[in-house]
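The values are calculated or read from the model by the stated rules, or taken from the named source; none is laboratory data. Note that the structure is predicted; figures quoted are calculated from it, not measured. Glycine gets a Cβ as well: all are built from the backbone with ideal geometry, and neighbour counts include every protein chain shown. What goes into the accessible areas is simple: the full protein's heavy atoms, side chains included, and nothing from ligands, DNA or RNA. Shrake-Rupley method; radii C 1.70, N 1.55, O 1.52, S 1.80 Å.
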Amino acid sequence: MADVLYSLVPATEPNEGYMGKGRLEAFSDGVIAVIITIMVLEMKVPHDADLTALMPLVPVFLSYVLSFVYVAIYWNNHHHMLHAVQHVNGRVLWANLHLLFWLSLVPFVTGWANEHLLAALPVALYGVVLLMAGISYYLLERALIAHHGKESSLAHAMGKDYKGLTSIFIYAVAIGLAFVDTWFSCALYVLVAAIWFIPDPRIERTMPRA
C-alpha cells in the first residue's frame, strides 16, 4: 500500500536524495506543540469559584487527557523512529506532512465530541482521525525503511509492525461501534492509547546492536 501511494510522489533529484533530518524534526515538534496548545484552549475557564463550576468541565478534561496522550504518543514514537535514521528524502517529507495533517485535526474532533457528548457521529469522526493518523504513521515508517533499506536498523526494529496494524484494525472496529454504543468505541480508543503509552522498545533494543 505504501509503495503504491508514494509511487505517485515525484522522486527527488539525485543530489537531493540525502537530506538531513534536523528540519523535519524541528518542524514536527513545532506543529505538535501548537496542536497541544490549541487543545488546552478548548477548556474554558468557569465563571464561578467553586467546585460545582468545574463539574461540567469533567468530560471536556477527560477528552483532553485522551487526546493529549495520543498526541504525546505520536511525538514520542516519532522521536524514537527518527533517532534510528540518518537522513530523509522528498517522499519522507511528504509522508511526515501527511501524518501532521491528521494530527492537526485532533483538536477539532476533540472539540466537536465535547460539544455533543457521546453522540455517534462525533465519536466516529474522532476515530476516523485516529485511524488516518495511524495509517499515515505506518506509511511514514515504510517510507523511511524504503529510503534506508531493508537491512537498516530501523527495518530490523520495526519488522512487520503488527502492533501498528493491530491498532489500525481496532480503530476501524471502534468507528463502526460508535453507531451501536459510543461507550464501546471510547473504550477501544483508550485501549489503543494504553497499548502505546509505554514508548515502543523495539528501536531502543535494536540501536545498541546497530
Which percent of the accessible area of the stretch 16-69 is formed by carbon and sulfur heavy atoms (probe 1.4 angstrom)?
72
Which whole-Hz ³J(HN,Hα) couplings does the stretch 123-129 yield from phi under the Karplus relation 6.51 cos²θ - 1.76 cosθ + 1.60, θ = phi - 60°, glycine and proline marked x?
5, 5, 5, 4, x, 4, 5
Counting only protein heavy atoms and using a 1.4 Å probe, what share of the accessible area of the stretch 92-150 belongs to carbon plus sulfur, as a whole percent?
74
For the stretch 21-36, what does the Karplus curve 6.51 cos²θ - 1.76 cosθ + 1.60, with θ = phi - 60°, yield as ³J(HN,Hα) per residue in whole Hz, taken in order and with x for Gly and Pro?
8, x, 5, 4, 5, 5, 5, 4, 4, x, 5, 5, 4, 5, 4, 5
The stretch 41-193 - accessible surface per residue (Å², probe 1.4 Å):
49
If you filter the stretch 130-200 for chymotrypsin sites (Phe, Trp or Tyr not before Pro), then keep DSSP loop positions with at most 12 other Cβ within 10 Å, what is left?
179
